Amino acid sequence: MVELTKQLVKVEEAFSRQSNHYDEVEKDNLVLQWMREQVRNHALSYVQTGQHILELNAGTGLDAVFFANNGCRVHAIDISEGMLNQLRKKVDLLKLHHRITVQKCSLTELENINHSQFDFIFSNFGGLNCVPDLTLVTKSISRLLKPGGFVTIVIMPKFCPWELALIFRGKFKTAFRRLRQNGALAQIEGVQFMAYYFSPRQVVRAFGQEFKIINLQGLASTSPPPYMEKFPNRYPRLYRTLTAFDQLFSRITPFNKWADHFILTMQYNPELKRTNLTKKMDHK
């Protein structure tokens, strides 16, 4: 518990330091822009106008504002006060108080959210990779999500082809960092914290039997990851080809599992757990 507290303090500090220029980084990064577009297109398949969304690790509110502009209400949470300050500025500037509410809350303390149940729960770009045990997050999801509701998370898996290819450049530490059992050291704005990587199977197991996989999509499997931000400008034609392949094969194994991130959507059905328990009892 002490180690988890230290981890979360470092995460909060790192992202608060980054908050003042987070949006500018994405404006200059075509890879990140493309990835966010793919995530939003995926999510919009499960979100309807007027629904209530819980966004985990909401950051500066780029996605919260997007969903609000699409007619949804969003309760946005984040552990970083710096990120939330940027989000509050957006809400004020765009006059979105009727659509976006903001709360400082850790992913491991979702029991502190007192809102009624949500139609959709969303977590983008690896916020869950800051938590060593996903069940610390998922234990509260069933209470927060309406039966029949969807949860979409974007998380970094253990296998990323572009990173593994770095072994041919002698960068063995980076190439194999995701495979370390106890996580790998990450650094943002000079602050070091641990990053933990999960396979789709591990994520599904953490959510439990009452969640059914609806869609699993790889994100940047054949195309380069966001830290290769110069790639699209240096090789524009090749980049367009690689992203086209990404979109074509992103839902096919292994491209839906081996990527910089994967997008996983599950649907909550409490009856599935009861059914599975009944089957187990019948076999005894």
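The values are calculated or read from the model by the stated rules, or taken from the named source; none is laboratory data. Just so it is clear, the structure is predicted and the values come from calculations on it, not from any experiment. In this analysis, Cβ positions are derived from the backbone assuming ideal geometry, glycine residues included, and neighbour counts consider all displayed protein chains. Side chains are part of the model used for accessible areas, which takes the heavy atoms of the whole protein and leaves out ligands, DNA and RNA. Shrake-Rupley method; radii C 1.70, N 1.55, O 1.52, S 1.80 Å.
Select from region 155-168 the residues that are under 22 Å from Arg201 (Cβ atoms) and among the aromatic types (Phe, Trp, Tyr) and write down the one among them that is least open to solvent (accessible area, probe 1.4 Å). Talk me through it step by step, then tell me what you get.
Pass one, region 155-168, residues under 22 Å from Arg201 (Cβ atoms): 155-164.
Subsequent filtering for residues that are among the aromatic types (Phe, Trp, Tyr) retains 159, 162.
On the way: Phe159: 82, Trp162: 63 Å².
Step by step, filter region 155-168, then rank; the result is Trp162.
Residues are listed down the side, and each one gets a yes or a no for (1) under 18 Å from Ile263 (Cα atoms); (2) of a type in the set (Phe, Trp, Tyr); (3) open to solvent by 10 Å² or more (accessible area, probe 1.4 Å):
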site	(1), (2), (3)
His97	no, no, yes
Val102	no, no, yes
His115	no, no, yes
Phe125	yes, yes, yes
Val131	yes, no, no
Thr135	no, no, yes
Leu144	no, no, no
Pro147	no, no, yes
Ile153	yes, no, no
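List pairs: first in region 68-96 and under 15 Å from Glu12 (Cα atoms) and among the charged types (D, E, K, R), second part of a helix (DSSP H, G or I) and at pLDDT 95 or above, Cβ under 8 Å, 6+ apart or cross-chain?
Asp78/Phe15; Asp78/Leu84; Asp78/Leu87; Glu81/Glu12; Glu81/Ser16
Can you tell me which of Asn129, Asn112 is within 16 Å of the chain's Cα centre (by Cα) and either closer than 24 Å to Gln202 by Cβ or not β-branched (Val, Ile, Thr) (or both)? Walk me through it before giving the result.
Details: Asn112 fails: within 16 Å of the chain's Cα centre (by Cα).
On inspection, the qualifying residue turns out to be Asn129.
Can you name every one of the strands (runs of 3 or more DSSP E) wholly within region 173-264 that holds 1 or more residues which are touching a His at 6+ places or on another chain (Cβ under 9 Å), open to solvent by less than 70 Å² (accessible area, probe 1.4 Å) and in contact (Cβ under 8 Å) with a residue 12 or more places away in the chain? I'd like the intermediate steps shown before the answer.
Numbers: elements: 184-188, 191-195, 211-219.
Ranges flagged: 211-219.
Residues being open to solvent by 20 Å² or more (accessible area, probe 1.4 Å) and among the charged types (D, E, K, R): count how many of those fall in region 33-92.
8
Picking from Leu185, Leu219, which residue would you name as being closer than 28 Å to Gln18 by Cα and in contact with a Phe, Trp or Tyr (Cβ under 7 Å, 6 or more places away or on another chain)?
On the way: Leu185 fails: in contact with a Phe, Trp or Tyr (Cβ under 7 Å, 6 or more places away or on another chain).
Leu219 is the lone residue from the list that is closer than 28 Å to Gln18 by Cα and in contact with a Phe, Trp or Tyr (Cβ under 7 Å, 6 or more places away or on another chain).
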